[in-house]
Each structure stands twice: as C-alpha cells, then as structure tokens.
Amino acid sequence: MTYNSLVILTGAGISAESGVPTFRADDGLWMGHRIEDVATPEAYARDPALVQDFYNKRRRQLGEVQPNAAHRALAELAARWKGDFLLVTQNVDDLHDRAHAETPPATGFSLIHMHGELLKARCTASGRVCDWVEDLDVRHDSPFHPDGWLRPHIVWFGEMPLAMHVIDAALERCDLFVSIGTSGAVYPAAGLVQQARRAGARTVEINLEPSQGARQFDEGLYGPATERVPEFVERLLQR
Ligand code: APR
C-alpha cells in the first residue's frame with residue numbers, strides 16, 4: 001500500500017542516543033527537580049531563578065549533542081517523500097532541525113515543536129517569540145514590551161501545546177501515523193494516535209519497549225531508535 005499523508009510524532013526517546021536524557025528514565029532530565037518546581041507557570045512565578053537556570057543548563061547542553069541516525073533517517077524521508085508530511089516533536093532540542101538543515105526537505109513538509117524550543121525565548125507581556133542561544137537572566141528585559149520579561153519558549157504543564165490546529169488538520173487527512181520514542185504519558189500528544197485512527201490511518205509505534213498506549217497501534221517495532229527508525233524508513237521508501 002502507498003501512503004500520501006504522513007504524520008510522525010517524536011518524543012524524548014529519539015534523542016536519547018544523542019545523549020539527551022529522557023524524562024521518565026531513572027536518570028531523568030529533571031536533574032533532581034520535581035516537575036512542579038521547574039516546568040509549570042507557577043514555578044516560574046515563584047522561583048524564576050531556578051527555572052531559568054534549569055533551562056539555561058539544558059540549552060547549553062545542546063552544544064554537546066548531535067543528531068543521530070534516527071533524526072537523519074527522518075530527514076532523508078522528508079527529502080524524498082512525495083505527499084504531505086508533518087513531523088510533530090515533543091522535544092525542545094533542535095536535533096530534528098539540524099538533521100533537516102543537512103538534508104533539505106521536499107515541499108509539503110513541516111516540523112512543529114509542540115512543546116516549544118530551547119533555542120527560542122518568549123516575551124511574557126506580548127507573547128512574541130525570538131531566537132535565543134545565550135543564557136536568560138532571572139528577569140531578562142523583553143525587547144518587545146516595556147512590561148515584559150523573556151522566558152523560555154517552553155510549553156509548561158498546564159499550558160496549551162503549540163499549533164494544535166495545524167496538527168488536528170493534518171491528522172484528519174493522514175493515512176499513516178508513526179509514533180517514535182514517546183512513553184504516551186502526556187496529553188494531548190498521547191491522544192494523537194486516537195485521532196489518526198478515527199481518520200482511518202494505519203498506526204505504527206517505534207519505541208524501546210511497548211508504550212502505555214501500545215494497543216492503539218497496528219504495528220509495533222521495538223528496539224533502539226537509531227536501528228528501528230532507519231530500517232522503517234528504508235522499508236517505507238521502497239514501497
Ligand atoms: N530508542 C527508542 N525509544 C527509546 C530510547 C531509544 N534509544 N530510549 C528511550 N526510549 C523510549 C522510552 O522507552 C520511553 O517510552 O522513549 C520514551 C521516552 O518517554 P518520556 O521520557 O516520557 O518522554 P516523552 O514521551 O517525550 O515525554 C513527553 O513529557 O515531561 C514532558 O514535556 C515533556 O515532551 C515531554 C513529554
């Protein structure tokens with residue numbers, strides 16, 4: 001069977017072999033912090049220094065990691081895919097972006113960071129977003145608004161993920177949905193597979209082990225992303 005409209009959802013597992021820790025592993029990314037202390041609007045209001053420091057460290061860490069074979073395989077797929085292709089990532093790292101910069105995608109491709117990006121900052125007053133590579137100060141004056149600060153452009157718990165209308169529209173017409181390296185623990189990302197099923201799409205999960213939502217998938221490919229994703233992409237391109 002050939003597919004025209006592909007939606008791929010990725011999570012922390014695709015970046016794990018690049019050296020970016022996943023969230024729910026024992027050596028989790030939270031670096032000794034509870035989620036409520038670093039990844040909520042309340043935490044930022046209560047202790048902006050702790051929150052900025054947490055994301056400053058993660059932003060700096062990006063300089064030490066590189067895209068891996070799974071990111072590169074998806075970039076190759078995007079370059080050769082003839083139909084619509086939406087890549088939705090929950091990851092705030094820039095490893096997909098860097099892989100796609102090396103292999104420019106075909107027209108019809110878009111990438112959405114639904115949980116934001118470490119390399120962007122957002123004005124608390126105007127909501128405007130800009131590229132950001134340096135550390136952010138505790139109360140970093142916004143260039144966009146006299147009453148604003150720059151905060152990390154990260155979707156915290158309790159905030160609405162980005163570009164959901166674009167994701168919903170792509171899922172309505174999608175005929176192949178692939179979920180890679182995500183535990184299926186966080187909504188609405190964990191519910192995208194159900195939307196794809198309602199649209200009649202075939203659903204495939206690629207993960208180290210079956211995720212919480214494994215039963216929602218028609219096919220499961222289990223093992224390290226750097227092995228399973230290139231194999232899957234090769235199979236898809238040979239159809
Ligand atoms: N290859 C494939 N899968 C892997 C690998 C690997 N090398 N290493 C780990 N995994 C799998 C794990 O088995 C797990 O199912 O990746 C998944 C990672 O799950 P989480 O750590 O929960 O990450 P994710 O699903 O992306 O988290 C979703 O939660 O905290 C929030 O906003 C944060 O975007 C994040 C969201």
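Given the conditions (1) within 16 Å of the ligand (Cβ to nearest atom); (2) over 17 Å from Ser15 (Cα atoms); (3) of a type outside the set (A, V, I, L, M), report the number of the one that His113 does not fulfil.
Of the numbered conditions (1) within 16 Å of the ligand (Cβ to nearest atom); (2) over 17 Å from Ser15 (Cα atoms); (3) of a type outside the set (A, V, I, L, M), the odd one out for His113 is (2).
Being in contact with a helix residue (DSSP H, G or I) (Cβ under 6 Å, 6 or more places away or on another chain), away from the ligand (no atom under 16 Å from the Cβ) and either at pLDDT 95 or above or farther than 21 Å from Pro161 by Cβ (or both), is that true of even one residue in the range 60-69?
No, the range 60-69 has no match at all.
List the number of the failed condition for Gly127; all other conditions in (1) within 16 Å of the ligand (Cβ to nearest atom); (2) at positive phi hold.
Checking Gly127 against (1) within 16 Å of the ligand (Cβ to nearest atom); (2) at positive phi, the one that fails is (1).
Name the single residue that is farthest from the chain's Cα centre (by Cα) among those in the range 177-208 being near the ligand (Cβ under 9 Å from one of its atoms) and without any contact (Cβ under 8 Å) to a residue 40 or more places away in the chain.
Looking at residues that are near the ligand (Cβ under 9 Å from one of its atoms) and without any contact (Cβ under 8 Å) to a residue 40 or more places away in the chain, I get Ile206.
If you go through the range 74-106, how many residues are in contact with a Lys or Arg (Cβ under 9 Å, 6 or more places away or on another chain), within 16 Å of the ligand (Cβ to nearest atom) and of a type in the set (Asp, Glu)?
Number satisfying all stated conditions: 1.
Would you say Ala70 is within 25 Å of Tyr187 (Cβ to Cβ), under 16 Å from the mean Cα position of the chain (by Cα) and either small (Gly, Ala, Ser) or surrounded by fewer than 16 Cβ atoms within 10 Å (Cβ to Cβ) (or both)?
For Ala70, the condition - within 25 Å of Tyr187 (Cβ to Cβ), under 16 Å from the mean Cα position of the chain (by Cα) and either small (Gly, Ala, Ser) or surrounded by fewer than 16 Cβ atoms within 10 Å (Cβ to Cβ) (or both) - is met.
Could you check the range 33-67 and list, in sequence order, the residues that are buried (at least 21 other Cβ atoms within 10 Å of the Cβ) and among the aliphatic types (A, V, I, L, M)?
Those that are buried (at least 21 other Cβ atoms within 10 Å of the Cβ) and among the aliphatic types (A, V, I, L, M): Val38, Ala39, Val51.
So, in the range 121-131, exactly how many residues are within 21 Å of the chain's Cα centre (by Cα) and either modelled with pLDDT under 95 or surrounded by fewer than 19 Cβ atoms within 10 Å (Cβ to Cβ) (or both)?
Total meeting the criteria: 5.
Does Glu159 meet the test of being closer than 30 Å to Ala43 by Cα, touching a residue at least 12 places away in the same chain (Cβ under 8 Å) and under 16 Å from the mean Cα position of the chain (by Cα)?
Taking the combined requirement at face value, the residue satisfies it.
Just for the range 209-238: of the residues that are surrounded by fewer than 18 Cβ atoms within 10 Å (Cβ to Cβ) and of a type in the set (D, E, K, R), which one is nearest to the ligand (Cβ to nearest atom)?
Glu209
The values are calculated or read from the model by the stated rules, or taken from the named source; none is laboratory data. Not measured: the values here are computed from a predicted model. In this analysis, Cβ positions are derived from the backbone assuming ideal geometry, glycine residues included, and neighbour counts consider all displayed protein chains.
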